[in-house]
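The values are calculated or read from the model by the stated rules, or taken from the named source; none is laboratory data. Source: prediction; values computed, not measured. As a convention, Cβ positions derive from the backbone with ideal geometry for all residues, glycine included, and neighbour counts pool all protein chains shown. All accessible areas refer to the heavy atoms of the entire protein, side chains included, with ligands and DNA or RNA removed. Shrake-Rupley method; radii C 1.70, N 1.55, O 1.52, S 1.80 Å.
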Amino acid sequence: MSRLLVIGCGGVASVAIQKCCQNSSVFTELMIASRTKEKCDALKAKLEGKTSVKIETARVDADNVEELTALIRAYAPKAVLNVALPYQDLTIMDACLAAGADYIDTANYEAEDTEDPAWRAVYEKRCREQGFTAYFDYSWQWAYQEKFQKAGLTALLGSGFDPGVTSVFSAYALKHYFDEIHEIDILDCNGGDHGYPFATNFNPEINLREVSANGSYWERGAWVETKPMEYKSTYYFPQVGEKDMYLLHHEEIESLAKNIPGIRRIRFFMTFGQSYLTHMKCLENVGMLSTAPISFQGQEIVPIQFLKALLPDPASLGPRTVGKTNIGCIFTGVKDGEEKSIYIYNVCDHQECYRELGSQAISYTTGVPAMIGAMMVVTGQWKKPGVFNVEEFDPDPFMEALNTFGLPWVVEENPQKVRVWKA
Ligand code: NDP
């Protein structure tokens, strides 16, 4: 018997909420609160009559701590699932502390205005000290550790697919297959085709910033930074086929480096087609990926937000996208003195996701683990005071729930290794 407040009503939220409704023995009451209440009402209407879960909706500005706190106090949920944007992580955490609710999210904090001098000073210090230049990192949210501990509340960070399932795969591999893991290669392959020359599968602002940034990996206790798309590889993905992939910075590298003892190297690769890369480079070259406001015909606009308005809404890609995703991790380490390697992955079919929930596989593969993370917290299976990444808990119940709720996984022994070269 749990009451959950979901913040945000985009592609990922839509899946997470529908999955909560499939799991009505755990989630009995839901509130969907977002900036545009009409979207919350439309989803509620879609679900009405098909679920026993009692759904309410509200409008909330998740940048506003007072508004959020008032909403959480009034609804009194057991936990708050943040599936708005990474920009709102800290305000939602503050409100959870003020109102006394557990917190779950799928992406670490990112500043919306990267030109803000106060934020920049902290960022530049971190770049110097840590050696990676991504705009997002865990330091902001890990800094809440003591506050959540003192309040007796749990904050579960990064319960999407990557981060999220990839991190749970890591904990599972360590628990069941290795004495020590030395290398992790996280491979994110989207073999789907939506038929547009250019579109992003989730929020364009977040997606394009991630992909156009410098790459980085973790090796022997330090970050090694690369130029954007500097390192390339080709990999044969089960059920998808051979794809080009590139080394990117990704947020779970930071937490896995901290939480997997004895780890020597962690890399993250994502597949991209040539058309996507050419479009992105061109947009970047003309300044369309900038987050700095410019004045246009007497109005202030942010180029990347304007671009978002032009691009297809990721939520609309569902009916047109065919093909499969394959996301997983290759682990190399030792067990009983022998070196070994395993690959744990999930394959998800875009059209099957669409038939089931009206969404494409990227939102599906994020929304399902978001619901599972919330389930782990509200059922008390993953509940201790403080701020935690998903790999810090027992992976077994989460892994079991992935099989139950639509993301079955496979363990392959002795997989093909990743070979990397300069693009
Ligand atoms: P969308 O842009 O589709 O949805 C975001 C939602 O948040 C929208 O409903 C939006 O409202 C709402 N929102 C934005 N700002 C505010 C605000 N100030 N107050 C209230 N509501 C707000 O994004 P996605 O669903 O694609 O992504 C959701 C989250 O999932 C993001 O944090 C993303 O980074 C993360 N993600 C994580 C992945 C993982 O594997 N870990 C993979 C993919 C995404 P409105 O409708 O008005 O725009």
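Structural remarks
- Residues in segment 269-309 that are within 15 Å of the ligand (Cβ to nearest atom), more than 22 Å from residue 191 (Cβ to Cβ) and among the aliphatic types (A, V, I, L, M): 302, 304, 307, 309.
- Residue pairs whose Cβ atoms lie under 9 Å apart, separated by 6 or more positions or on different chains, with the first residue in segment 152-163 and on the phi > 0 side of the Ramachandran plot and the second within 6 Å of the ligand (Cβ to nearest atom) and not polar (S, T, N, Q), are 158/107; 158/164.
- If the condition is being buried (at least 19 other Cβ atoms within 10 Å of the Cβ) and touching a residue at least 60 places away in the same chain (Cβ under 8 Å), then segment 106-132 contributes 106, 107, 108, 110, 132.
- For residue 27, the conditions (1) open to solvent by 10 Å² or more (accessible area, probe 1.4 Å); (2) farther than 28 Å from residue 200 by Cα; (3) more than 16 Å from the ligand (Cβ to nearest atom); (4) at pLDDT 95 or above are fulfilled apart from (1).
- Given (1) within 22 Å of the chain's Cα centre (by Cα); (2) open to solvent by less than 10 Å² (accessible area, probe 1.4 Å); (3) not aliphatic (A, V, I, L, M), index of the condition residue 178 fails: (1)
- Filtering segment 203-222 to residues that are surrounded by fewer than 18 Cβ atoms within 10 Å (Cβ to Cβ) and more than 16 Å from the ligand (Cβ to nearest atom) leaves 214, 219, 220, 221, 222.
- Here residue 5 meets each of (1) more than 13 Å from the ligand (Cβ to nearest atom); (2) open to solvent by less than 10 Å² (accessible area, probe 1.4 Å); (3) touching a strand residue (DSSP E or B) at 6+ places or on another chain (Cβ under 8 Å) with one exception, condition (1).
- Those helices (runs of 4 or more DSSP H) of segment 101-218 in which 1 or more residues are of a type in the set (Lys, Arg) and under 21 Å from residue 254 (Cα atoms) occupy 117-130, 165-176, 204-212.
- Some residue of segment 110-121 being within 12 Å of the ligand (Cβ to nearest atom) and in contact with a helix residue (DSSP H, G or I) (Cβ under 6 Å, 6 or more places away or on another chain): yes
- Among residues of segment 30-60 being surrounded by fewer than 16 Cβ atoms within 10 Å (Cβ to Cβ) and among the polar types (S, T, N, Q), the one that is farthest from the ligand (Cβ to nearest atom) is 52.
- Among the residues of segment 139-159, those that are within 16 Å of the ligand (Cβ to nearest atom) and within 23 Å of residue 378 (Cβ to Cβ) comprise 141, 155, 156, 157, 158, 159.
- Number of residues in segment 126-175 that are at pLDDT below 95 and of a type in the set (Val, Ile, Thr): the value is 1.
- In segment 229-249, the residues that are closer than 18 Å to residue 412 by Cβ and open to solvent by less than 30 Å² (accessible area, probe 1.4 Å) reach residues that are assigned to a strand (DSSP E or B) and of a type in the set (Lys, Arg) with C-beta atoms within less than 7 angstrom, at least six apart or across chains, in these pairs: 235/243; 237/243.
- Yes/no for residue 94 being within 16 Å of residue 140 (Cα to Cα), of a type in the set (Asp, Glu) and open to solvent by 10 Å² or more (accessible area, probe 1.4 Å): yes
- Some residue of segment 146-154 being among the hydroxyl-bearing types (Ser, Thr, Tyr), open to solvent by less than 10 Å² (accessible area, probe 1.4 Å) and touching a Pro at 6+ places or on another chain (Cβ under 7 Å): yes
- Matching entry among 72, 17, 92 (being within 21 Å of residue 205 (Cβ to Cβ), within 16 Å of the ligand (Cβ to nearest atom), in a helix (DSSP H, G or I) and under 24 Å from the mean Cα position of the chain (by Cα)): 92
- Within segment 287-304, the set of residues being surrounded by 13 or more Cβ atoms within 10 Å (Cβ to Cβ) and in contact with a helix residue (DSSP H, G or I) (Cβ under 8 Å, 6 or more places away or on another chain) comprises 288, 289, 290, 291, 304.
- Residues of segment 72-88 classified as in contact (Cβ under 8 Å) with a residue 40 or more places away in the chain and farther than 24 Å from residue 29 by Cβ, total: 2
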